[in-house]
Amino acid sequence: MKVICAGLSKTGTKSLAKALRILGLRVYDHLEHRKFHYKQWVDLYGEGKLPDFGHMYEGVDAVIALPVAFWYEEIYAAFPNAKVILSIRDNEEVWVQSWAKHIEHATTYGGYGALGRVFLDWLVRVFAHKVHILMKSFIDPACVAAFGSMNPKSTVVAKKRYREHNERVLAVIPKEKLLIYNVKKGWKPLCRFLGCNVPDQEFPSVNEGLSFAKGQVSTRLQLLKRNIIIFLGTSVLIVLLLSFPFLSGIKN
């Protein structure tokens, strides 16, 4: 492990992840944590079983985003030679507004009212059960642990968590191993910290605004729509097959 990214969500983590990949690092972002180590994280949040991070991330160059950003201390203990990047926004108010918009969009399926959200939650639970389990056992616990709530109105709580998280990183990570970084600064401070050459391309800009949240919601709704269509089609086919002997009997 070369780099542990301790910055919370909405601090430019998508752009930073892409930048690290451009620099040639094997990066595990949120999707990789979910794809390759889902069980370990579920065991941690559900049963309090701390993973063997040294074994989990053997051969991985950099980790970023939730849930690892919340567990940076434990990961650093497993990889004490790694460097730590604390990504930040211009100030906590800018960060919390971005966080609140993301959470609101994600939890309301893009703006549905309370009744619509309850109905969609029910549909997801029934027709996209794997997504429902993923949210309840992995994504929601990781967000609540990091931010204190999944309520976009809890900005006071979220700001306190953000502030305390960053202060803790500053307190426990040696200064020579730590880079406090705003992605607006681009390549130079990042490459200087990592001891590598500046790439001959622009610094990546990913997930501006709500693009990532919109993508998540869109994927969830498309999966739900597909599963409902499959369910209805299968139901109609079964009804027709069961009805065929009866209809044949009437004809005879």
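The values are calculated or read from the model by the stated rules, or taken from the named source; none is laboratory data. This structure is a prediction, so every number in the text was calculated from the model and none was measured. Cβ placement follows ideal geometry from the backbone for every residue including glycine, while neighbour counts extend to all protein chains displayed. Ligands, DNA and RNA are stripped out before the accessible areas are found, and what is left, the full protein with its side chains, is counted by its heavy atoms. Shrake-Rupley method; radii C 1.70, N 1.55, O 1.52, S 1.80 Å.
Summary table
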{"quantity": "All helices (runs of 4 or more DSSP H) inside segment 1-98 with 3 or more residues being buried (at least 20 other Cβ atoms within 10 Å of the Cβ), of a type outside the set (S, T, N, Q) and touching a residue at least 40 places away in the same chain (Cβ under 8 Å)", "calculated": "13-22, 72-78"}
{"quantity": "Lone unmet requirement of (1) surrounded by 19 or more Cβ atoms within 10 Å (Cβ to Cβ); (2) modelled with pLDDT under 90; (3) among the hydroxyl-bearing types (Ser, Thr, Tyr) for residue 108", "calculated": "(1)"}
{"quantity": "Answer residue from segment 171-202, given it is part of a loop (DSSP other than H, G, I, E, B), under 14 Å from residue 23 (Cβ atoms) and in contact with a helix residue (DSSP H, G or I) (Cβ under 8 Å, 6 or more places away or on another chain) and is most open to solvent (accessible area, probe 1.4 Å) among those", "calculated": "197"}
